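What follows draws every value from the coordinates through simple rules; no lab data is involved. Just so it is clear, the structure is predicted and the values come from calculations on it, not from any experiment. Quick reminder, even Gly has a Cβ in these numbers, built from the backbone with ideal geometry, and neighbours come from all protein chains shown.
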Amino acid sequence: MIWFFERQGKYVRCETRKTADSAYELVTTKDDGTEQVERFDDSAKLAKRQVEIEQGLTAEGWSGPHGRVM
């Protein structure tokens, strides 16, 4: 799944994906192009981290999430 946060015409992109070895990754691409990849061994930990990121971005003035499911 991919979703975005927007602030003043800039975007942060977040993506969750399952890896070949049945783990999960959360990829965050900031508005300057830097990318952070976090790896999780179960979906509950991934979901908890997603909420933390969304709350942090919202607190910093980003609007969202806006997204599409792939």
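Cross-link candidates for K48: which lysines have Cα within less than 17 Å, leaving aside residues fewer than 8 places away along the same chain?
Reachable lysines: K18.
I'm spelling it out carefully: the read-out is P(r) over Cα pairs in 10 Å bins from 0, in percent, the candidates are (i) 19, 49, 28, 4, 0; (ii) 21, 54, 22, 3; (iii) 20, 39, 24, 13, 5, 0, and one was derived from this structure. Which label?
Evaluating P(r) over Cα pairs in 10 Å bins from 0, in percent on these atoms matches (ii).
Per-residue ellipticity at 222 nm for the chain, helices alone: DSSP H runs ≥ 4 residues times -39500 (n - 2.57), over residue total, nearest 500 deg cm²/dmol?
Details: 1 runs with 17 residues, N = 70.
Result for the chain, helices only: -8000 deg cm²/dmol.
Just grab the label-to-label distance for E54 and Q8, each label 7 Å out from Cα along the Cβ direction, in nm (one decimal).
Roughly 2.5 nm, to one decimal.
Below 12 angstrom from the Cβ of Q50, what's the summed charge of the other residues (Lys, Arg +1; Asp, Glu -1)?
Net charge around Q50: -2.
Determine the dipole magnitude for the chain: charges of +1 sit on the beta-carbon of Lys and Arg, -1 on that of Asp and Glu, nothing else is charged, the reference point is the Cα centre, and the result goes in debye to the nearest 20. Intermediate values should be presented prior to the final figure.
On the way: 11 positive and 13 negative charges, 34 e Å.
Dipole about the Cα centre, nearest 20: 160 debye.
How about K30: which lysines have a C-alpha closer than 19 Å to its C-alpha, ignoring those fewer than 8 places off in the same chain?
Qualifying lysines at Cα under 19 Å: K10.
Quick one: net charge around Y24, please, counting Lys, Arg +1 and Asp, Glu -1 for every other residue with C-beta under 13 Å from its C-beta.
Local net charge: 0.
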